[in-house]
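Undergrad: Quick one: the structure is below, and I'll ask about it shortly.
The values are calculated or read from the model by the stated rules, or taken from the named source; none is laboratory data. The structure presented is a predicted model; accordingly, all values stated were derived computationally and were not measured. With ideal geometry, Cβ positions are generated from the backbone for all residues, glycine too; neighbour counts draw on all protein chains shown.
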Amino acid sequence: MATQLVWFKRDLRVHDHIPLVQAANAGDCVGLYVYEPELIEAHDHDAAHLTFVNESLLELRTQLEKFGCRLLLRVGTMPEVLDQLHADLGFESIWAHEETFNDISYQRDRRVRAWAKTKQIRFIELPQYGVVRRLKDRDRWSTIRNQRMKQTPIDPPPQIHLPPAAKTIDAGEIMPVARFKVHSFDRREVQVGGEGNAVDCLQSFLVTRGVNYRSDMSSPVTGEQGCSRLSPFIAYGNLSMRTIVHRTAARIAELKEQKKSGIALEPTWLKSLSSFQSRLSWHCHFMQKMEDEPGIEFENFNRAYDGLREDEFNRSYFDAWCHGQTGYPMVDACMRALHQTGWINFRMRAMLVSFASYHLWLHWREPAIYLARLFLDYEPGIHYSQIQMQSGVTGINTVRIYSPIKQVTDQDPQGIFIRRFVPELADVPDKHLAQPHKMNLMEQTLFGCQIGKDYPLPIVDHQQRYKAARDRIHAHKKLPSTREASAKVYLKHGSRKTPMKRR
Ligand SMILES: Cc1cc2nc3c(=O)[nH]c(=O)nc-3n(C[C@H](O)[C@H](O)[C@H](O)COP(=O)(O)OP(=O)(O)OC[C@H]3O[C@@H](n4cnc5c(N)ncnc54)[C@H](O)[C@@H]3O)c2cc1C
């Protein structure tokens with residue numbers, strides 16, 4: 001039988017993996033994962049990403065072996081790796097999921113397609129998530145996404161037949177991080193990859209942790225446990241989106257059944273899971289933007305905002321923001337938490353970008369790359385869309401400027417999160433945590449924190465920078481040229497449940 005190659009990328013699982021099932025149906029089948037230095041050593045990549053991939057690969061390899069399949073591991077550039085493998089194995093087809101990642105992967109896929117064409121090899125790319133390739137009209141997107149999510153997740157093939165040549169070929173090794181020139185933060189408490197961990201994470205969220213999701217998600221104190229924490233598993237495809245959607249729907253049905261039969265139910269459960277369902281659809285909604293316009297990795301969604309911040313980039317502000325040394329405890333705690341754990345909740349991500357974009361008036365591009373390396377769940381489609389939204393350059397979203405002072409009183413009034421990540425403030429009383437620089441000298445001595453020495457003075461004045469930024473961004477948004485460009489952005493990318501009325 002003709003050999004089928006399954007190319008695993010950001011879909012490191014065996015369940016609900018349509019390319020794997022279809023390849024196994026089509027013939028003898030072997031798996032491939034390629035460590036691509038051009039992606040791994042790129043500016044938006046971090047060692048933690050590779051570690052997560054390695055953890056996932058270790059499990060994937062064992063799982064595939066159970067079905068009789070081998071996972072080959074190779075290092076190199078595509079399509080050269082394929083070329084060598086084709087000489088060794090002579091495969092007829094390559095099966096993979098469609099990928100919507102960064103520009104490097106986009107160009108790589110184009111090269112692979114061209115190579116496959118010249119070699120007369122079938123390259124079959126099948127949808128993953130609700131992202132629709134070559135989407136003609138945004139009005140139809142949510143219908144297509146919902147139809148896809150309705151289909152039942154599929155089991156792995158019961159048995160996979162290995163092509164004879166693949167039985168003896170060198171399988172390749174899991175590559176240590178040190179093999180690559182990859183940036184590395186000093187992490188301590190990072191999530192561990194793999195399909196098994198992903199399933200456990202989903203289960204614990206749906207059965208226990210998710211009960212107060214709606215109220216827990218906003219604070220970094222409660223969000224750590226109360227959010228699903230599925231994002232890295234989704235980003236690396238340890239779980240399919242469809243599996244999560246189906247398991248959530250099943251849990252909702254179970255809870256409704258319990259309610260009907262009079263079993264006591266936490267009143268927050270159903271609303272929490274409904275909010276969670278919305279976010280799952282946002283995932284695909286945001287990734288669709290990147291699929292439709294890959295240029296948003298580099299350029300403003302709305303080109304009328306070009307030139308607004310570019311010439312005012314203050315490197316010392318940027319450095320202070322990167323290292324959690326801004327003198328604003330919530331900003332600094334979030335940044336330092338990210339350094340250690342690779343995760344922070346949505347609201348705090350938004351606040352970090354808002355602070356960089358408005359208080360520090362930094363163009364979004366460098367902060368975006370820095371955060372990409374920090375976020376274990378880095379997903380360009382969501383990342384660049386959200387960064388641009390939070391820095392106010394889409395023209396179609398409400399401008400939100402977060403007060404880093406108010407976020408302390410709203411989200412961490414007892415300083416649990418701040419004291420954990422900013423130990424200089426460990427003995428500072430709650431009432432001073434939002435603005436420690438307002439302590440007098442006696443208080444600073446008493447609470448063991450000298451402002452300007454142990455902990456920085458605020459690098460900018462909140463009130464003054466907030467007002468200046470608000471006035472500038474609103475004035476720009478109102479310009480006729482901006483409004484005209486915003487209408488076009490909305491037509492292409494705006495979120496809508498029903499078709500838009502066209503003039
Ligand atoms: C500036 C900024 C950058 C971001 N960059 C990323 C990124 O690189 N990768 C990433 O996965 N998320 C990103 N997000 C969205 C969101 O913050 C994370 O998805 C979420 O915090 C991950 O934690 P969780 O899995 O516990 O989320 P939950 O709240 O449990 O949500 C479940 C899933 O829904 C999706 N989701 C949740 N919120 C959003 C949202 N606002 N937009 C799109 N999808 C969402 C994610 O897939 C998430 O895993 C970003 C948000 C902001 C403001």
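Undergrad: Among the residues that make up region 363-370, is at least one of them near the ligand (Cβ under 10 Å from one of its atoms), under 16 Å from the mean Cα position of the chain (by Cα) and not β-branched (Val, Ile, Thr)?
TA: From region 363-370, those near the ligand (Cβ under 10 Å from one of its atoms) are 364, 367-368; that's our starting set.
With the extra rule that they be under 16 Å from the mean Cα position of the chain (by Cα), the set shrinks to 367-368.
So of that shortlist, the ones also not β-branched (Val, Ile, Thr) come out as 367-368.
Yes.
Undergrad: Condition first: under 23 Å from the mean Cα position of the chain (by Cα) and more than 11 Å from the ligand (Cβ to nearest atom). Now tell me which residues in region 263-272 satisfy that.
TA: none
Undergrad: Scan region 197-217 residue by residue and report those that are loosely packed, with under 13 Cβ neighbours inside 10 Å and either in the same structural domain as Asn345 (by TED's automatic domain parsing) or aromatic (Phe, Trp, Tyr) (or both). Please lay out each step first, then the result.
TA: Restricting attention to region 197-217, the residues satisfying the condition of being loosely packed, with under 13 Cβ neighbours inside 10 Å are 200, 207-208.
The answer is none; no residue qualifies.
Undergrad: Which one of these does Gly327 not meet: (1) exposed (fewer than 14 other Cβ atoms within 10 Å of the Cβ); (2) touching a residue at least 24 places away in the same chain (Cβ under 8 Å)?
TA: Tallying (1) exposed (fewer than 14 other Cβ atoms within 10 Å of the Cβ); (2) touching a residue at least 24 places away in the same chain (Cβ under 8 Å), Gly327 fails exactly one: (1).
Undergrad: Within region 191-247, considering only helices (runs of 4 or more DSSP H) that don't extend past its boundaries, which have at least 3 residues that are at pLDDT 95 or above, within 12 Å of the ligand (Cβ to nearest atom) and of a type in the set (A, V, I, L, M)? Give the derivation first.
TA: Numbers: elements: 195-207, 213-216, 220-226, 231-235.
Ranges flagged: 195-207.
Undergrad: Further question: Among the residues of region 371-384, which ones are within 8 Å of the ligand (Cβ to nearest atom) and either crowded, with 22+ Cβ neighbours inside 10 Å or on the phi > 0 side of the Ramachandran plot (or both)?
TA: First pass over region 371-384, keeping only residues within 8 Å of the ligand (Cβ to nearest atom): 371-372, 375, 377-380, 382-383.
Selection gives Leu371, Ala372, Phe375, Tyr378, Glu379, Pro380, Ile382, His383.
Undergrad: Collect the residues in region 248-273 that are in a helix (DSSP H, G or I), farther than 12 Å from Gly210 by Cα and not aliphatic (A, V, I, L, M), keeping them in residue-number order.
TA: Those that are in a helix (DSSP H, G or I), farther than 12 Å from Gly210 by Cα and not aliphatic (A, V, I, L, M): Glu254, Lys256, Glu257, Gln258, Lys259, Lys260.
Undergrad: Checking Asp412 against (1) under 18 Å from the mean Cα position of the chain (by Cα); (2) acidic (Asp, Glu); (3) surrounded by 21 or more Cβ atoms within 10 Å (Cβ to Cβ), which single condition isn't satisfied?
TA: (1)
Undergrad: Given (1) among the charged types (D, E, K, R); (2) modelled with pLDDT under 95; (3) within 15 Å of the ligand (Cβ to nearest atom), identify the lone condition not met by Lys260.
TA: (3)
Undergrad: I've got another one for you. Counting only residues that are of a type outside the set (A, V, I, L, M), within 18 Å of Ala320 (Cα to Cα) and touching a Pro at 6+ places or on another chain (Cβ under 9 Å), how many does region 446-457 have?
TA: The total comes to 1.
Undergrad: Quick one: how many residues across region 385-407 are more than 14 Å from the ligand (Cβ to nearest atom) and surrounded by 22 or more Cβ atoms within 10 Å (Cβ to Cβ)?
TA: So the count comes out to 2.
Residue by residue, here is whether (1) crowded, with 18+ Cβ neighbours inside 10 Å; (2) over 24 Å from the mean Cα position of the chain (by Cα) holds:
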| residue | (1), (2) |
| --- | --- |
| Gly76 | no, yes |
| His86 | yes, yes |
| Ala96 | yes, no |
| Thr118 | no, yes |
| Glu125 | no, no |
| Asn146 | no, no |
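Undergrad: Here's another thing I want to ask about it. Would you be able to tell me the number of residues in region 299-357 that are among the aromatic types (Phe, Trp, Tyr), assigned to a loop (DSSP other than H, G, I, E, B) and under 20 Å from Asp46 (Cα atoms)? Before you say what the answer is, go through the steps one by one.
TA: Initially, region 299-357 is screened for residues among the aromatic types (Phe, Trp, Tyr), giving 301, 305, 313, 317-318, 321, 328, 343, 346, 355.
Adding the requirement that they be assigned to a loop (DSSP other than H, G, I, E, B) leaves 301, 313, 328, 343.
Checking which are under 20 Å from Asp46 (Cα atoms) leaves us with 343.
So the count comes out to 1.
Undergrad: Do you know which residues across region 148-187 are in a loop (DSSP other than H, G, I, E, B), of a type in the set (Ser, Thr, Tyr) and surrounded by fewer than 11 Cβ atoms within 10 Å (Cβ to Cβ)? Don't jump to the end; show me each part of the working.
TA: The initial filter retains those residues of region 148-187 that are in a loop (DSSP other than H, G, I, E, B), namely 151-163, 169-176, 180-187.
With of a type in the set (Ser, Thr, Tyr) added as a condition, the list becomes 152, 184.
Within region 148-187, Thr152 is the sole residue that qualifies.
Undergrad: Considering only residues that are buried (at least 22 other Cβ atoms within 10 Å of the Cβ) and more than 10 Å from the ligand (Cβ to nearest atom), which ones fall in region 339-356?
TA: Residues satisfying the conditions are Gly342, Phe355.
Undergrad: Any chance you could count how many residues in region 246-297 are touching a Phe, Trp or Tyr at 6+ places or on another chain (Cβ under 7 Å), under 19 Å from Ser142 (Cα atoms) and surrounded by fewer than 20 Cβ atoms within 10 Å (Cβ to Cβ)?
TA: Residues that pass the stated criteria total 1.
Undergrad: Please verify whether Glu291 is away from the ligand (no atom under 15 Å from the Cβ), closer than 30 Å to Gly130 by Cβ and in contact with a helix residue (DSSP H, G or I) (Cβ under 9 Å, 6 or more places away or on another chain), treating the condition exactly as stated. So that I can check it myself, show each step before the final result.
TA: Values: away from the ligand (no atom under 15 Å from the Cβ): no; closer than 30 Å to Gly130 by Cβ: yes; in contact with a helix residue (DSSP H, G or I) (Cβ under 9 Å, 6 or more places away or on another chain): yes.
So Glu291 does not fit the description; no.
Undergrad: Could you please give the count of residues in region 250-270 that are in contact with a helix residue (DSSP H, G or I) (Cβ under 9 Å, 6 or more places away or on another chain) and of a type in the set (Ser, Thr, Tyr)?
TA: So the answer is 1.
Undergrad: Something else now. Return the pairs, sorted by first residue and then second, in which the second residue is basic (Lys, Arg), the first residue lies in region 109-125 and is part of a helix (DSSP H, G or I), the beta carbons are less than 9 Å apart, and the residues are 6+ apart or on different chains.
TA: What qualifies is Ala116/Arg122.
Undergrad: With respect to Tyr106, is the statement that it is in contact with a Lys or Arg (Cβ under 9 Å, 6 or more places away or on another chain) and in contact (Cβ under 8 Å) with a residue 40 or more places away in the chain true? Please lay out each step first, then the result.
TA: Values: in contact with a Lys or Arg (Cβ under 9 Å, 6 or more places away or on another chain): no; in contact (Cβ under 8 Å) with a residue 40 or more places away in the chain: yes.
Taking the combined requirement at face value, the residue does not satisfy it.
Undergrad: If you don't mind, another one. Considering only residues that are surrounded by 20 or more Cβ atoms within 10 Å (Cβ to Cβ), of a type in the set (Gly, Ala, Ser) and closer than 19 Å to Glu99 by Cα, look in region 1-59 and name the one that is nearest to the chain's Cα centre (by Cα).
TA: Among residues in region 1-59 that are surrounded by 20 or more Cβ atoms within 10 Å (Cβ to Cβ), of a type in the set (Gly, Ala, Ser) and closer than 19 Å to Glu99 by Cα, the one nearest to the chain's Cα centre (by Cα) is Ser56.
Undergrad: Let me spell it out: the conditions are (1) more than 14 Å from the ligand (Cβ to nearest atom); (2) over 19 Å from the mean Cα position of the chain (by Cα), and Arg336 meets all of them except one. Which number is the exception?
TA: Here Arg336 meets the rest and fails (2).
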